[in-house]
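Let me begin by presenting the structure, written as structure tokens, before commenting on it.
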Amino acid sequence: MKTAVRSHPIHRSTPGRIAIAAAVIGLSFAVASPALADDSNDRQTRFPETITLPNDAVAGDLGFRPEGIVVKGNTAYAGSLVDGTIVTANLRTGQTAPLVAADGDPAVGLKIAGPLLLVAGGPSGELRAYDHRSGKEVAVRHIPEAGFVNDLTVAGDTAYFTDSQRAVIYALPVDGDTVGEPREIPLGGDFALAPPGSFNGNGIAVFDEDTLILGQSADPDGSGSALYLVDVSNGEATRITITGGDVTAADGLLLQGRTLYVVQNRENSIAQFRLSSDGTEARFVRTLTDPDFDVPTTIDFGPRGDLYAVNARFGTPGTDSVAYEIVRVQR
């Protein structure tokens, strides 16, 4: 039986400017011993498969409307597209708590770097840093020319942010709780912007210390989505050859070794690929879906290797009666 937890009410945040508006893999586990059965039951009992995010944490009545998620230990962090509110969720119990009060601008992608919770600010052009324990603001950097700062990843002492409307990546130095000044890395090589109105650079992951993997939601030739290797020293992008399948509606990326997960938001699925040793080829392995998916956007690894996604529910009119959830997916 799938378990769901609804959070206790928390106080509504100070109003701010309102901005932008698999099946758990069908694995049938053959129980070989009572120990395996007990472990499965324990997972179901203590780690709910859905956690409802608190609509009353955000200003107005548009609902929580999450986009980004990051997990540290048994705690997930989720941010609101409505006003930048960030809450934590205990993945063991399903209980939520406020962390960052609304500032009026969206919270899109999230990542943790040491003591910091880093946040992509969408159309605000902001790169934000908070203490991930207290929620205290540490730094805000602003990109005046930014289009839509969407997602990010962290490699060593640098966080890399994507922009879905410009052919650039932003590099932000991060050392402990010290945040430097951002610089632009123009994208070249195989990367080209899709027609106006399209979403471009979106999900991003670290391939190695010198190279990132970048997802483009809509590729220029109109064939779906695209993946690239990006040299961080000069922004040179090499398109990754996809075999055995394709990618559409690409959103968040997650990499473990040579296994790449690509969230396909409007497909309500996660595509799993196996990368070649040099990263230039991605072989389709399988699709993960879940009956609880409703336009998932980003994912992270959680306890026991499960994946955790957030349902953005794009296309659903936002109200405080709509349930926005974190969904656990067993691999």
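Key figures
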quantity	calculated
Flag if ASP278 is more than 19 Å from the chain's Cα centre (by Cα), among the acidic types (Asp, Glu) and either assigned to a loop (DSSP other than H, G, I, E, B) or surrounded by fewer than 21 Cβ atoms within 10 Å (Cβ to Cβ) (or both)	yes
Failed item, numbered, when ARG65 is tested on (1) of a type outside the set (Val, Ile, Thr); (2) surrounded by fewer than 24 Cβ atoms within 10 Å (Cβ to Cβ); (3) within 20 Å of PHE293 (Cα to Cα)	(2)
Subset of segment 108-122 [surrounded by fewer than 17 Cβ atoms within 10 Å (Cβ to Cβ) and over 21 Å from LEU255 (Cβ atoms)]	PRO115
Among residues of segment 248-268, those that are surrounded by fewer than 24 Cβ atoms within 10 Å (Cβ to Cβ) and not in a strand (DSSP E or B), counted	7
Among the candidates GLY114, GLY122, GLY147, residue that is on the phi > 0 side of the Ramachandran plot and either more than 17 Å from the chain's Cα centre (by Cα) or among the acidic types (Asp, Glu) (or both)	GLY114
Yes/no for GLY26 being modelled with pLDDT of 55 or more and more than 24 Å from LYS111 (Cβ to Cβ)	no
Of residues in segment 150-180 being closer than 22 Å to ALA102 by Cα and within 18 Å of the chain's Cα centre (by Cα), the one surrounded by the fewest Cβ atoms within 10 Å (Cβ to Cβ)	LEU152
Cβ pairs under 6 Å, 6+ apart, first in segment 135-158 and assigned to a loop (DSSP other than H, G, I, E, B), second basic (Lys, Arg)	GLY147/ARG166
From the options LEU81, LEU62, LEU118, LEU99, residue that is hydrophobic (A, V, I, L, M, F, W, C), farther than 20 Å from ALA237 by Cβ and touching a helix residue (DSSP H, G or I) at 6+ places or on another chain (Cβ under 9 Å)	LEU62
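The values are calculated or read from the model by the stated rules, or taken from the named source; none is laboratory data. Given the structure is predicted, the values throughout are model-derived calculations rather than measurements. Methodologically, a virtual Cβ is constructed for each residue, glycine included, from the backbone with ideal geometry; neighbour enumeration extends over all protein chains shown.
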